[in-house]
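Working notes for the structure below.
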Amino acid sequence: MDYQLFNLVNQFAGQSHLVDSIVMVIASYGPLLFALPLLYLWFAGGMEGKKAALLALASVAVALIIAQLIGHIYFRERPFAFHEVNLLVDRSSDASFPSDHSTFSFAIAGIVWLQNRRAGWLSLILAAVIALSRVFIGTHYPLDVIGGALLGLGTGLLIWQFRSRLDPITTFIISIARKIKLA
């Protein structure tokens, strides 16, 4: 079923140069757009927004470490290793599961949503588009991006639950940022 869903999305790759170009930019550089909600939280969200931005960065770090561990323990080949796919990017040799792009995007989007619903919904939509783009370009199966999404969201929720224990660290970092005029 995973391959059937993959085919359902990937079959459209290579049909339109314009669409391919747009999706490749999203798939490759979309996660950079997550600087925007983080900057929004940092500069417009007051003290709690600054703390949330730092928690989002912590969530990303923890989620990506876990993703790398999973990829080493359970190495899943990428779709192009076993199937003929419409591959729009260079082949990657690392594990397909879980998707790092999806993990990264949803780790931030989840924290942003918990802090600010409006910015959070936009972030979740962006994360979903990035995840879907990874399937479209032929580099991940749907379960790879779903796994990354669940890992990112789960890590974000866990970090959020421990935010009061992390408060001394986030407050300290913010105080340093204020001293060097970054906050």
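The values are calculated or read from the model by the stated rules, or taken from the named source; none is laboratory data. This one's a predicted model, so the numbers in the text were calculated from it and none came from an experiment. Quick reminder, even Gly has a Cβ in these numbers, built from the backbone with ideal geometry, and neighbours come from all protein chains shown. Areas reflect the complete protein model, heavy atoms only, side chains present, ligands, DNA and RNA absent. Shrake-Rupley method; radii C 1.70, N 1.55, O 1.52, S 1.80 Å.
Below, the figures for the structure above:
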| read-out | value |
| --- | --- |
| Of the criteria (1) over 18 Å from Asp94 (Cβ atoms); (2) among the acidic types (Asp, Glu); (3) free of Cβ contacts under 8 Å to residues at least 60 places away in the same chain, which one Glu48 fails | (3) |
| Residue in region 56-68 that is closer than 16 Å to Gly110 by Cβ and in contact with an Asp or Glu (Cβ under 7 Å, 6 or more places away or on another chain) present | yes |
| Qualifying positions in region 73-107 - of a type in the set (Phe, Trp, Tyr) and out of contact with any Asp or Glu (no Cβ under 8 Å at 6 or more places or on another chain) | Tyr74, Phe75, Phe80, Phe82, Phe104, Phe106 |
| Scope region 51-69; condition open to solvent by less than 20 Å² (accessible area, probe 1.4 Å) and either farther than 17 Å from Arg117 by Cβ or touching a His at 6+ places or on another chain (Cβ under 9 Å) (or both); matching residues | Ser59, Val60, Ala63, Ala67 |
| Residue check, Ala128 under 20 Å from the mean Cα position of the chain (by Cα) and either farther than 25 Å from Ala44 by Cβ or crowded, with 20+ Cβ neighbours inside 10 Å (or both) | no |
